[in-house]
Amino acid sequence: MPRRIIIHAGFHKTGTTTLQATLRENRTTLKKHIALRLRWHMKDIVAASRGYSTDQDPLALIKVQSRFGSMMNALPGMPRRTLIISAEELSGHLPGRGDLMDYAAAPVLIYAYWEIAKARYPQAEVLIYLSTRSPTAWLASAYWEHVKSSNMTMDFDAFSTRYIKAAKLDDMVTEIASRVPAPVYAHALEDCRDLALGPADPLLDLCDLPQTLRSELVAVPPSNERLGDDVLHAMLEANRIHKTPAARNAAKAAILAEARNA
């Protein structure tokens with residue numbers, strides 16, 4: 001059984017893509033010490049977690065529990081290793097999608113993961129890890145993601161006013177810590193800028209890796225970085241002009257391709 005299980009359940013737009021890419025890039029080096037289940041390993045759990053976050057239907061939570069339990073039961077033997085389960089969508093959808101205002105579903109979801117992990121491996125230490133970001137930076141990044149990936153036409157000032165509660169990630173960390181009976185650790189993206197492995201370093205600090213092994217790990221470039229405000233404004237205009245998804249998506253794809261090739 002694993003000696004420790006770390007559930008990294010969010011939040012979106014806090015360097016999670018870079019963190020997961022770093023773990024994946026170094027998976028061979030880490031293999032003797034760490035087992036990984038990343039977002040692409042658990043698409044069915046991610047889909048169910050997103051579904052629960054939108055309406056918090058008890059039946060949707062049962063689906064989350066069933067799928068997470070199936071994953072835990074299917075794990076191979078991993079004696080004395082640390083199991084890292086990492087996907088920002090384990091906290092649900094990114095707030096701003098439809099009527100989703102905040103991360104209110106996250107404490108319920110994370111409690112469910114903790115409960116199932118503890119039942120499956122009662123002797124293992126189960127930790128919760130949450131990556132965070134300042135409210136101002138999170139709002140800017142979340143807005144960019146929605147304009148790029150959805151039909152959002154709201155301007156940034158209106159978005160910031162509407163979703164300010166969602167941006168207070170430290171408050172949600174406190175809420176989760178008060179409701180999940182496990183150690184909860186959090187680290188802000190702003191505090192990772194000078195770390196050798198960026199946002200992956202604070203998570204790896206919880207794994208008690210030999211220092212000689214840490215020195216062998218390689219960094220990856222930051223992932224999913226935003227382009228300039230001119231690109232953002234062009235995509236926002238495309239959302240406002242084009243009424244069909246096909247036309248809207250084609251226009252934004254062309255905008256992004258031009259910007260990346262410039």
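The values are calculated or read from the model by the stated rules, or taken from the named source; none is laboratory data. Here the structure is a predicted model, which means the values were calculated and not measured. Here the Cβ positions follow ideal geometry from the backbone for every residue, glycine too, while neighbour counts run over all protein chains shown.
How many residues are surrounded by 15 or more Cβ atoms within 10 Å (Cβ to Cβ) and closer than 21 Å to residue 242 by Cα if we restrict to segment 152-171?
4
Quick check on residue 2: is it part of a loop (DSSP other than H, G, I, E, B) and surrounded by fewer than 22 Cβ atoms within 10 Å (Cβ to Cβ)?
Here the answer is no, as residue 2 does not meet what is asked.
Any residue in segment 126-148 that's under 30 Å from residue 1 (Cβ atoms): show its pairings with residues that are at pLDDT below 95 at Cβ separation under 8 Å, as long as the two are six or more apart or on different chains.
130/10; 131/10
What is the number of the single condition among (1) charged (D, E, K, R); (2) exposed (fewer than 15 other Cβ atoms within 10 Å of the Cβ); (3) in a helix (DSSP H, G or I); (4) in contact (Cβ under 8 Å) with a residue 60 or more places away in the chain that residue 260 does not meet?
Just one mismatch for residue 260, condition (4).
List the residue pairs whose Cβ atoms are under 8 Å apart, where the first residue sits in segment 52-64 and is farther than 13 Å from residue 97 by Cα, the second is modelled with pLDDT under 95 and assigned to a helix (DSSP H, G or I), and the two are 6 or more positions apart or on different chains.
Note: no pairs meet the criteria.
For the condition in contact (Cβ under 8 Å) with a residue 40 or more places away in the chain and assigned by TED's automatic domain parsing to the domain that holds residue 172, what is the one hit in 82, 28? Talk me through it step by step, then tell me what you get.
On the way: 28 fails: in contact (Cβ under 8 Å) with a residue 40 or more places away in the chain.
The unique qualifying residue is 82.
Tell me, which residue of segment 187-212 that is in a helix (DSSP H, G or I) and in contact with a His (Cβ under 7 Å, 6 or more places away or on another chain) is farthest from residue 82 (Cα to Cα)?
Here the residue is 202.
With respect to residue 101, determine if the residue is within 29 Å of residue 192 (Cα to Cα), in a loop (DSSP other than H, G, I, E, B), touching a residue at least 40 places away in the same chain (Cβ under 8 Å) and not β-branched (Val, Ile, Thr).
Taking the combined requirement at face value, the residue satisfies it.
In segment 189-201, which residues are touching a residue at least 40 places away in the same chain (Cβ under 8 Å) and buried (at least 19 other Cβ atoms within 10 Å of the Cβ)?
If the condition is that a residue be touching a residue at least 40 places away in the same chain (Cβ under 8 Å) and buried (at least 19 other Cβ atoms within 10 Å of the Cβ), then 189, 192, 197, 198, 199, 200 are the ones that fit.
Somewhere in segment 172-183, is a residue surrounded by fewer than 16 Cβ atoms within 10 Å (Cβ to Cβ), part of a helix (DSSP H, G or I) and in contact with a Ser or Thr (Cβ under 8 Å, 6 or more places away or on another chain)?
There is no residue in segment 172-183 that is surrounded by fewer than 16 Cβ atoms within 10 Å (Cβ to Cβ), part of a helix (DSSP H, G or I) and in contact with a Ser or Thr (Cβ under 8 Å, 6 or more places away or on another chain).
Among the residues of segment 235-246 satisfying the criterion of being hydrophobic (A, V, I, L, M, F, W, C) and more than 27 Å from the chain's Cα centre (by Cα), which is nearest to residue 141 (Cα to Cα)?
Restricting to residues being hydrophobic (A, V, I, L, M, F, W, C) and more than 27 Å from the chain's Cα centre (by Cα), the top hit is 238.
Kindly provide the set of residues from segment 79-100 that are farther than 21 Å from residue 11 by Cβ and surrounded by fewer than 18 Cβ atoms within 10 Å (Cβ to Cβ), ordered by number.
Once the filter is applied, which keeps residues that are farther than 21 Å from residue 11 by Cβ and surrounded by fewer than 18 Cβ atoms within 10 Å (Cβ to Cβ), segment 79-100 yields 79, 80.
Just checking, does segment 132-147 include any residue being touching a Phe, Trp or Tyr at 6+ places or on another chain (Cβ under 7 Å), in the same structural domain as residue 23 (by TED's automatic domain parsing), over 17 Å from residue 226 (Cβ atoms) and hydrophobic (A, V, I, L, M, F, W, C)?
no
For segment 247-257, what are the residues that are farther than 15 Å from residue 149 by Cβ and under 28 Å from the mean Cα position of the chain (by Cα)?
254, 257, listed by residue number.
Give the residue that is nearest to the chain's Cα centre (by Cα), with candidates limited to residues of segment 118-135 that are surrounded by 18 or more Cβ atoms within 10 Å (Cβ to Cβ) and under 12 Å from residue 183 (Cβ atoms).
130
Filter segment 213-251 for residues that are in a helix (DSSP H, G or I), touching a residue at least 60 places away in the same chain (Cβ under 8 Å) and assigned by TED's automatic domain parsing to the domain that holds residue 80 and give the result.
If the condition is that a residue be in a helix (DSSP H, G or I), touching a residue at least 60 places away in the same chain (Cβ under 8 Å) and assigned by TED's automatic domain parsing to the domain that holds residue 80, then 213 is the only one that fits.
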